1. Along each principal axis of its Cα atoms, how long is the chain end to end? Whole angstroms, biggest number first, please.
2. Counting only heavy atoms of the protein chains, get the accessible area per residue of the chain (1.4 Å probe) and round it to a whole Å² value.
3. Residues in segment 93-116 near a label at ARG22, defined as backbone nitrogen under 19 Å from the 7 Å Cα→Cβ point?
4. Work out from phi, with θ = phi - 60° and the Karplus expression 6.51 cos²θ - 1.76 cosθ + 1.60, the ³J(HN,Hα) of each residue of segment 88-97, listed in order in whole Hz, and give x for Gly and Pro.
5. List, in order, the whole-Hz ³J(HN,Hα) value for each residue of segment 64-80 obtained from phi through the Karplus relation with A = 6.51, B = -1.76, C = 1.60 and θ = phi - 60°; use x for Gly and Pro.
6. Would you work out what percent of the accessible area of segment 1-92, with all protein chains in place, is carbon or sulfur (probe 1.4 Å)?
7. Can you give the extra length, in nm with one decimal, that the chain gains between ASP52 and VAL3 once fully stretched, where that is 0.36 nm per residue apart less the Cα-Cα distance?
8. Tell me the angle of helix 4-23 to the major Cα principal axis of the chain, expressed in degrees between 0 and 90 and rounded to the nearest ten.
Amino acid sequence: RSVMHEVTLAEGVLKIVEAAARWNAASRVHTVWLELGALSHVEASALSFCFDAVTRGTIADGAKLEIATTPGAAWCMRCGDRVPLALLGDACPVCGGYQLEVVAGDAMRVKEIGIT
């Protein structure tokens, strides 16, 4: 599996962090808190490694990346209810059906940035 996806995502996070640092006239970014959905197809350890690589020589050089995983959820058309979903392609844990629409846990977002 290639980590190119995670490199691109880490570069995107860095752009957000740099913009926030400029906006707040920060001299250093020391921590970035990230929410990562369980259904996002992003490998947290690969993203962390890539973040360390892309931040070298930037305002976020040496910043700690704190990743919190958010659970997946889907709307089951058969049950008519919101159900937990561990993996894309899994059946509904209530009725066993596959008519599911993901409603949570498929995104990644910068939650907070620690600056000085």
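1. So the three principal-axis extents are 53, 31, 16 Å.
2. 59
3. 110, 113-116
4. Computed from phi, the couplings for segment 88-97 are 4, x, 5, 7, 4, x, 9, 10, x, x Hz.
5. Those phi angles translate into 8, 9, 9, 10, 10, 8, 9, x, x, 8, 9, 9, 8, 5, 6, 7, x Hz.
6. 57
7. Extra length available between ASP52 and VAL3 comes to 16.3 nm.
8. Once rounded, one gets 60 degrees.
The values are calculated or read from the model by the stated rules, or taken from the named source; none is laboratory data. These numbers were taken from a predicted model, which means no experiment stands behind them. Here the Cβ is made from the backbone with ideal geometry for all residues, glycine too, and neighbour counts use every protein chain on show. Calculation scope for accessible area: heavy atoms of the full protein, side chains included, ligands and nucleic acids excluded. Shrake-Rupley method; radii C 1.70, N 1.55, O 1.52, S 1.80 Å.
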